[in-house]
Structure formats: C-alpha cells, structure tokens
Amino acid sequence: MNGTWELLIAGGVAICCLLGVLLTVLTFPGIWFMVLAAALAQWWSYEQLPGAGIAGAAPDPASPAVAQSLMFNWWVLGSAAALALLGEIIEFFASALGAAKAGGTRRGAIGSILGGLIGAIAGTMILPILGTILGAALGAGVGALLFERHAGRKTWKEATKVGAGAAAGRLVATIAKAAIACAVALMLTLDAFI
C-alpha cells in the first residue's frame, strides 16, 4: 500500500472525527459521520490489496493476512458502530426518562422528545453550539411541561417538576453522547495511524 496515500486517508479520517465531535455537540449524527468516514477508508484500503476488484480473485477480508493490511481492525469499526447506536439510544430516551422519573406521563415524555428537537433547532439559529445544547434541554423541559399541563391532570407545580426532569435528562444525554463521540474519535484516529 502506498504510504503517502495511507497517511493522507488517515489524516482525512482524523479530520472527519474532529468534525464528527463538533456535529455531535450540535445534536447532529456526528458519530455516524465518523463511522462512515472510517468505513470508506476501510473500503479504500481493501481496494488497494492485490487482486481486489477482480471477480473470483478478491482477497478474503476475514483472513488474518488481509486484516493486517487494512486500515482498521474490524473490532474497532464494530465497536465504533455499537457506540454510535448506544449514543442514539441514550439521546432518544434520556429526556423521556427524566420526565418519567419526575412523575411525568407518556404525554410528558412525548412532549420532552418533541420539545428537545424543536429547542435544539431554535437554539442553533440563535447561538450555535451553546444554543443547541441549551435549546435542546430547555425545549425538552418546556415540551414536557406543556404536554403535561395540556392534559389537565397536573398542576403547574407538578408539570414544572416534570419539565425540569426532562430538561436535566436531555442535558445529561447531550453530555453523554459528546463523551461517546470523543471516545469514538480517539479510537478511530488512533487505529487509522497505527
């Protein structure tokens, strides 16, 4: 494999990982962006192997000799994809779980999810990065509060408690997903250069 091209591709993966962390903080699918960049680099490194692209003569990517020639270890790529999925699950359910822990109903959980999405978009337009994080948390809280209050079953005090729980859950989810993004970025960048 050409060492110069390999270094350039690894550098491109590292840049995509940095961008992926930023995208994650902005509540975009940044971890999936990193996994996609790594998968494309893996495909490129496979195509550089002798016999690749020739029908019937393609090297087996599972064989130890071929696996050593590829840019990424298959376990690293699989772990990155698993962590990306875990980040999505955490982000999706955290505000709803926060609302439920504070005594919210299913309606409050739905309001927290919708409010979090709307708040993240609105916050990004007002103040990128910080506004996205705060907008998502605030939106989750307001969404849960309004949905709980609209049902008429909760007082303003009870609905506010549910909203605060949803906001706290969303904030924790954003921080957790950003931490996962940093771990995936580090893992992929190190494996690209080793």
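The values are calculated or read from the model by the stated rules, or taken from the named source; none is laboratory data. Everything numeric in this text was worked out from a predicted model, so none of it was measured. FYI the Cβ positions are ideal-geometry reconstructions off the backbone, even for glycines, and counts take in every protein chain you see. Surface accessibility is based on the protein's heavy atoms, side chains included, excluding ligands, DNA and RNA. Shrake-Rupley method; radii C 1.70, N 1.55, O 1.52, S 1.80 Å.
Quick rundown of the values:
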quantity	calculated
Candidate set from region 94-133 (those that are within 16 Å of the chain's Cα centre (by Cα) and closer than 22 Å to F33 by Cβ); member that is modelled with the lowest pLDDT	I129
Subset of region 136-164 [of a type in the set (V, I, T), part of a helix (DSSP H, G or I) and surrounded by fewer than 24 Cβ atoms within 10 Å (Cβ to Cβ)]	V142, T160
Failed criterion for F33 (all others in (1) crowded, with 19+ Cβ neighbours inside 10 Å; (2) farther than 30 Å from K161 by Cα; (3) modelled with pLDDT under 85 hold)	(3)
Residue tally, condition in contact (Cβ under 8 Å) with a residue 40 or more places away in the chain and within 16 Å of A151 (Cα to Cα), over region 82-108	7
The lone exception for G131 - which of (1) within 20 Å of L97 (Cβ to Cβ); (2) open to solvent by less than 70 Å² (accessible area, probe 1.4 Å) it fails	(1)
For L186: the one exception among (1) within 30 Å of L77 (Cβ to Cβ); (2) exposed (fewer than 15 other Cβ atoms within 10 Å of the Cβ); (3) modelled with pLDDT under 90; (4) under 19 Å from the mean Cα position of the chain (by Cα)	(3)
Single residue of A167, A176, A181 found to be in contact (Cβ under 8 Å) with a residue 12 or more places away in the chain and surrounded by fewer than 24 Cβ atoms within 10 Å (Cβ to Cβ)	A176
Answer from L7, L19, L36 - the residue that is more than 10 Å from A181 (Cβ to Cβ), more than 16 Å from the chain's Cα centre (by Cα), assigned to a helix (DSSP H, G or I) and aliphatic (A, V, I, L, M)	L7
